[in-house]
Each structure stands twice: as structure tokens, then as C-alpha cells.
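Have a look at the structure below, then the notes.
The values are calculated or read from the model by the stated rules, or taken from the named source; none is laboratory data. What you see is a predicted model; the values in this text were computed from it and never measured. Please note: Cβ atoms are built from the backbone with ideal geometry, for glycine as well, and neighbour counts cover all protein chains shown.
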Amino acid sequence: MEKSKFSAVATVEGSEKWTASNERISPIYKRPHDIRTNFERDYHRILHCTAYRRLKHKTQVFFATTNDHICTRIEHVNIVQSVSETIAKQLGVNRQITNAIALGHDIGHAPFGHEGENILKDYWRKIANTEFWHEKNSLRLIDEIELLEDSKGNYNNLNLTYAVRDGIICHCGELDQNGIFPREKNIDLKTITSSGSVQPFTWEGCIVKVADKISYVGRDIDDALALGLLTSEQTRILEKIFQEFDPKSKKYSNTQLMHKTIIDLCKHSSPSKGITLSNECHEALKKLKAFNYQYIYKHKKVEAFKKYVALILCTIVDELLSLYDGENTFKNLKSMHARYPALTVNFKEWLARYSSTPNSKYKRFKNTKIYHLDDKNSYDLAVLEFTAGMTDAFAIKIFNEIITF
């Protein structure tokens, strides 16, 4: 199989998109003797941010507080990085960019997976009159919420490169596209209005987009099998579909699925054809995805889980929304401390970091101030974004705190 087919169009120094890909919102401070590239610095900024750490306690598909072997959001992210790097290495593109995009692509996910996202979508429409989708929220996090301490001890926004920010908001792997090409122009990423509507700016971003789907389809099946969710008849249907990948196989294997899909993609992709699978492999992957939707994502236990998620998140959001009292909001929160210690401490900290406050404790926070407590709509947005950042475990803790007398 031919190697480095994309080396002539990779995002490397001297390439057509190099300058735009390296752009940051503001200049980044320099350190003496730094051996990292711009994109490696992005990778480490994501790796050390709190939103990345929280992924280990966020649902991928199955709520798994008592099962250590079910995929969480952080494991999914790491699998996407592994798949992306394997493909990027074979095709000859910039692995530093794919690594950074893959590591950060899901940091904007709400607690409790896609169901948590669906609950918050309803609030976003009613309160903010806009759409909530995790790719957009990921961009919001890396641009205006996640902070790192700089060499002077001040806290600033992450300030990532354009290529990485672009790959994160454009990563949606849900769509059944084949033959993906990067778009030509760099655009204002905040003008993107819906998930999957814009292709990534770089070939590296396109690779992560496909790697995302390769990574989740098979792993979700692994988890369903481990949890005993599939009947014997459903398992036979699965094995029949899987034989389209491997005619000699008598049993479904995610490792074999990923191997064959990656090899197929590397074999058939080219700058003229795009990042593409063979028609046979693409159709088989679509059938597996359809299988997941029919037998896994709509399983009765998953449906029961959705009701549980709605109760938790609606209770938290509604309670926080009720505490608004203009400039007296901090006093309201303080007065509720005995009743809601974890909720009030953490939410007060959130408001103080991201809204203007005279408290000297926050003088080192040089980040963009995004909330204004004299504006109810701004406060409501703070509530939604605070809730969206929670882990499953923290949301449950806060829910229990609210309902306990």
C-alpha cells in the first residue's frame, strides 16, 4: 500500500494553509529553549485543562458508575487520537495537528452523553434563543472558558491555533459522508451555525472527523455486548453484518473492525478522491451504525436512563435559574450555602472567574469576561454553561444535595 500519499498537501511549514493554520486569537508568550511546535503546545494546553480531565467521569453511551470497563468519554477521545495518528502517519500529514484536534474534540460534551446534550438543547432554545451542540460548546470552552496559568502567574484563555480550533468545531463524525475534502477558506469559526455543516479547513481535521466514527461505532457494540444488552437474535444480525468486513469471521471483533476500516481508508484515500472508504466498507459501516441505533441506543434500559438524566439536569438548572437577583445574586448564593454547600461554592467560583468582580482574589484571572450579573440573560447562560461542564458524578452529587432535606 502506497505511503505518504498526502505529504504534498499536508499542513506543514511552507504549505498553502500553514500561516492561517498557525494563527492564534492573540500572540502566545514564548519560553526560552522551548522545543515544542505551535501544535504540540496546543496539545499540552488541552491535556492539562480541567475540561479534558473531567471527560473521565462523563458518559460516552452507557452510564457506567459501577462498571470500570465500559467506555467513558475520555477513553473515546484517546481512541480517536490513536486512530487519527495511525491514519495520519500512513497518509503523511501533520500528526501534531491530528493529535491536538482529537484530544480536544469532545471536551464540550455535556454530562450523561448525548442525552444530557438533548436536555440542555431545550433550555438553550428557550433561554438563549440559540442552539446547543457539543462541537460549538467545545469551541466556546477552548476560546473563552478553559484557563491556564502563564509564566507570570496569571490565568488566561487557552488561545489555541486556528487549525486545532477549526478541527474541533468541524469534527462531527455522525454524518454518513464519504469522500471528505477540506474547505478552501479560513472563516470566522463562530459563524458556523450547525453541527456538520462545514468541512474542516485541513486534511488533518478531515482525518479526525472520520476517525471519530471509526472509533465509536464498534466500541459502542463492545460495551453493549459486555453489558448483555443484545439478544442472541440481535447478535446473529450483528455477526452477519460484520461478515461484510471479514467474510471468514464467525464472530464480531471491534479490533478487527477498526483494523480493516483503517486499512481500507488508507488504501482508498487520495488528494483527488478525498478521505474516503471503499463503497463496500462505507456501506457496511453504515449498517453497523444503523444496528446501533435500532438495538443499542433505543434499548429500554437506555430509555429509562434518559428519564433519570432529565430529572437530574432539569432540577439543577431550574434551581440555579431561580437564584438570580441582579447584583444581589452573590448574596443569594451565600445565603444558600448551608443548604447547598457544593452547588453554591462551585457556582460562585464560576461566576467570579467569568464576570467582572472587585474581589482581589481574582485579579490574576486575565481571561475574557463573558457574563454580566446585571443581565438576566447573561446569568441564565452562565447557569447553562456551568451545568454543561459538569461530570456525571458531580451532577448526581448536586442533584442529591438539592433534593435532600
Quiz item: Can we say Ala382 is closer than 21 Å to His134 by Cβ, among the aliphatic types (A, V, I, L, M), in contact with a Leu (Cβ under 9 Å, 6 or more places away or on another chain) and part of a helix (DSSP H, G or I)?
Solution: yes
Exercise. Exactly one condition in (1) over 21 Å from Lys260 (Cα atoms); (2) under 14 Å from the mean Cα position of the chain (by Cα) is not met by Val208; state its number.
Key: (1)
Quiz item: Of all residues in the range 97-114, how many are crowded, with 23+ Cβ neighbours inside 10 Å, part of a helix (DSSP H, G or I) and of a type outside the set (Gly, Ala, Ser)?
Solution: 5
Quiz prompt | Candidates Thr235, Thr193 - the one that is more than 23 Å from Pro271 (Cβ to Cβ) and part of a loop (DSSP other than H, G, I, E, B) | solution = Thr193
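Each row is one residue, and each column tells you yes or no for (1) modelled with pLDDT of 90 or more; (2) in contact with a Ser or Thr (Cβ under 8 Å, 6 or more places away or on another chain).
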residue: Ser26; (1), (2): no, no
residue: Tyr29; (1), (2): no, yes
residue: Tyr43; (1), (2): yes, no
residue: Phe63; (1), (2): no, no
residue: Thr72; (1), (2): yes, yes
Self-check item: Residues (within 17 Å of Gly113 (Cβ to Cβ) and modelled with pLDDT under 90) located in the range 301-332
Solution: Lys301, Val302, Glu303, Ala304, Phe305, Lys306
Quiz item: From the list Lys136, Lys126, Lys209, which one is among the basic types (Lys, Arg) and touching a strand residue (DSSP E or B) at 6+ places or on another chain (Cβ under 9 Å)?
Solution: Lys209
Quiz item: Would you call His299 within 18 Å of Leu257 (Cβ to Cβ), crowded, with 17+ Cβ neighbours inside 10 Å and not small (Gly, Ala, Ser)?
Solution: no
Quiz item: Among Lys250, Lys267, Lys240, Lys260, which is outside the structural domain of Val61 (by TED's automatic domain parsing), part of a helix (DSSP H, G or I) and more than 26 Å from Val208 (Cα to Cα)?
Solution: Lys240
Practice problem: Check whether at least one residue in the range 206-225 is assigned to a loop (DSSP other than H, G, I, E, B) and either at pLDDT below 95 or of a type outside the set (S, T, N, Q) (or both), and report yes or no. | Solution: no
Quiz item: If you scan the range 13-44, which residues turn out to be β-branched (Val, Ile, Thr) and either exposed (fewer than 10 other Cβ atoms within 10 Å of the Cβ) or not assigned by TED's automatic domain parsing to the domain that holds Arg95 (or both)?
Solution: Ile35
Quiz item: Which one of the conditions (1) under 26 Å from Cys49 (Cα atoms); (2) not in a loop (DSSP other than H, G, I, E, B) does Ile127 fail to meet, given that it meets all the rest?
Solution: (1)
Quiz item: In the range 144-187, which residues are assigned to a strand (DSSP E or B) and among the small types (Gly, Ala, Ser)?
Solution: none
